[in-house]
1. Short version: ³J(HN,Hα) in whole Hz for each residue of region A:23-32, in order, from phi by Karplus 6.51 cos²θ - 1.76 cosθ + 1.60 (θ = phi - 60°), x for Gly and Pro, what are they?
2. With a sphere of radius 9 Å drawn around the Cβ of residue B:96, what net charge do the other residues whose Cβ falls strictly inside it have (Lys, Arg +1; Asp, Glu -1)?
3. With N set to the number of residues, divide the alpha-carbon radius of gyration of the protein assembly as shown by 2.2 N^0.38 Å and report two decimals.
4. In the protein assembly as shown, which Cys residues have no partner Cys with a Cβ closer than 4.7 Å?
5. Between 0 and 90 degrees, rounded to the nearest ten: what's the tilt of helix A:126-137 against the longest Cα principal axis of chain A?
6. Just how large is the dipole of the protein assembly as shown about the Cα centre, in debye to the nearest 20, putting +1 at every Lys and Arg Cβ and -1 at every Asp and Glu Cβ?
7. How large is the helix-only mean residue ellipticity at 222 nm for the protein assembly as shown, computed as the sum of -39500 (n - 2.57) over DSSP H runs with n ≥ 4, divided by its residue count, in deg cm²/dmol to the nearest 500?
8. Taking only C-alpha pairs under 8 Å that are 6+ residues apart, what is the relative contact order of region B:150-228 in percent?
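The numbers here are math on the coordinates, done by the rules we state, and not lab data. The shown structure was predicted, so the numbers you read here are calculated from the model rather than taken from an experiment. Counting neighbours? That spans all protein chains shown, and the Cβs are built from the backbone with ideal geometry, glycine included.
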Amino acid sequence: MARAPSIVASRRLSSTAVTFSGTILVVMLLAALLADLIGPHDPLSIDPNRILESPTRTFWLGTDELGRDLLSRLMHGARVSLAVAISAVAIAAVVGVPLGITLAYVGGRVETLAMRVVDVFVSLPEIFIAIVVLAFAGGGMTPLIATIGLLYFPQFARVSHSMARSILVRDHVLASRSLGAGPLWIVRKEVVINMYSVIAVQASFTLSFAMLTEAGLSFLGLGVPAPTPSWGQMIGTLKDYIYINAWPVVLPSIALFATVLAVNVLGDCLQDRLNPELRR
Amino acid sequence: MTARQALVVEDLVTVFDTPEGEIRPVDGVSFTIPKGGIVCLVGESGSGKSVTALSLMRLIDPPGRIAAGRIQLGGIDLLTLTESEMNHIRGRNLAMIFQEPLTALNPSRRVGGQIAEVLRIHRSVSRRQAMRHAVDLLEKVGIPDPAVRARAYPHQLSGGMRQRVMIAIACACDPDLILADEPTTALDVTVQAQVLRLLVDMQERTGSALLFITHDLGVVAEIADRVVVLYAGQVVEEAEAARLFDSPAHPYTEALIASVPDVDAPRSPKRRLASIDGTVPLLTESGPGCRFRDRCPKAHARCQADPPLVEPEAGRKVRCWLHVS
């Protein structure tokens, strides 16, 4: 009758964790959206006399190696990180989901062959591929988004493929066919509608991976070109000055860590909520 | 002759290609359903009832296929149609009701929308008109508060109500023929009778013919005009319902009827429920000869050869050597 105490405890913990993560994410989103309005300084204006400072009254979170305001740069960095990650996930989903569903619907040898190709894509080391592609395509927002998006579409393809396969053999699909529904109708009204939740969970996890990949590439100098700030790029630059002042490099690291963690926790929670077997 | 028939099935053969070879769940089935009539397709599990129904809808997926035969629905030969022509027939002229309404309804969509869907596929009506029609249909199938129920999801309805929704969907376009594949099997006994009555009511109201697939002989006795008994993919007997129950001609039909418990018979510890020993032969092991002979109390030498389907009296067909003179 009584629930196992460990389950109760973990559920209570998860609800605080969710609130906490939600707050972090909302703060980050607001910072990104309102960076121009509420950012205390111009993120690009340099001040040679006040480099690598710890927090002061003028610079609330200190300054970087060129005397630029770190708070403003973090806010603008959030904009780049989130924009790149969200756009990349959107591309991955828009390419991957229709591909997976189409292959599940077509079936036969085409399906087997194409899914093997997708598996090969999944097995490739992501950063390595991204470095190769970006080395040729050059830096900048668009190539970065496109590359990360293409890096993660196979995961969407695999998830939606296996989901679509399991839905297509259900009775309600047969019933819909018995009513004269054509392929497009069935895909839209019977298949896609029953996999929104799974896609949402996949998107949330891919979002955190995309953020880390973007940060990694920017760290290596393959992301958005300077002087536009992004978290990965800030970490990459400021790490060189860690012996002069460790403070500046810690800030973007915390921002990245907290955001990725928040996205993951929310993704986990979403999965639990949407999974009927775990609900209640 | 075909003018009075809603459905004519001739020598229908449906095969499945398996690694062990070809199997034939439906092996030369023929029967007819008159316009507005009710025919029951009876047989135990594995006799080919459901595959027959899906073949009639042409919804047999690979590795299965319809290998031979003719299916004529109101004079249209369904097996010659293209897939898109067939989609015009499905749902409009020919509708199907499934055994388990919970899985046959889309769990993520409101039931009203699912009823409206048929109308939107087959008739050029607006979303709003279709929804209004859907609510009317819900009322016709006896769902109280239809406007509210139309906004419910399948899991919010009871089993009986869900099956009523399925009936509403099937009847939405006034089809010529409704295939009902064990529509009451998944329901509580008390609800079964109500749903059965509704189905017959709706069938009378729309003037549709009804092919009712079941293994419940009680249901057969209640509603059927004619009965087709299926065994291992073949028709073993076809007759008017009353005559079939009065004087079953095939030993299998006889055994089936004998295995229905008789609640009026006097109780005694010696009385045992009659049963048929053994099971339906595996489709992979069917050699020549009568397929029922291993379980048949009247089997004899001639049963080693395939019995023909004969007509011992007008309006009755039997596949048994006992009736071949």
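1. Once rounded to whole Hz, the list reads 4, 4, 5, 5, 4, 4, 5, 5, 4, 5.
2. Numbers: positive: B:90; negative: B:181.
Around residue B:96, the surrounding residues sum to 0.
3. Values: Rg = 33.6 Å, N = 605, 2.2 N^0.38 = 25.1 Å.
Cα Rg divided by the expected 2.2 N^0.38 Å: 1.34.
4. So, A:269, B:40, B:171, B:173, B:296, B:320.
5. Compared with the principal axis, the helix lies near 70 degrees.
6. Working: 57 positive and 56 negative charges, 202 e Å.
Dipole size: approximately 980 debye.
7. On the way: 22 runs with 299 residues, N = 605.
When only DSSP H runs of four or more count, the value is -16000 deg cm²/dmol.
8. Values: 54 pairs, mean separation 26.6, N = 79.
Once divided by the residue count of region B:150-228, the mean separation gives 34 percent.
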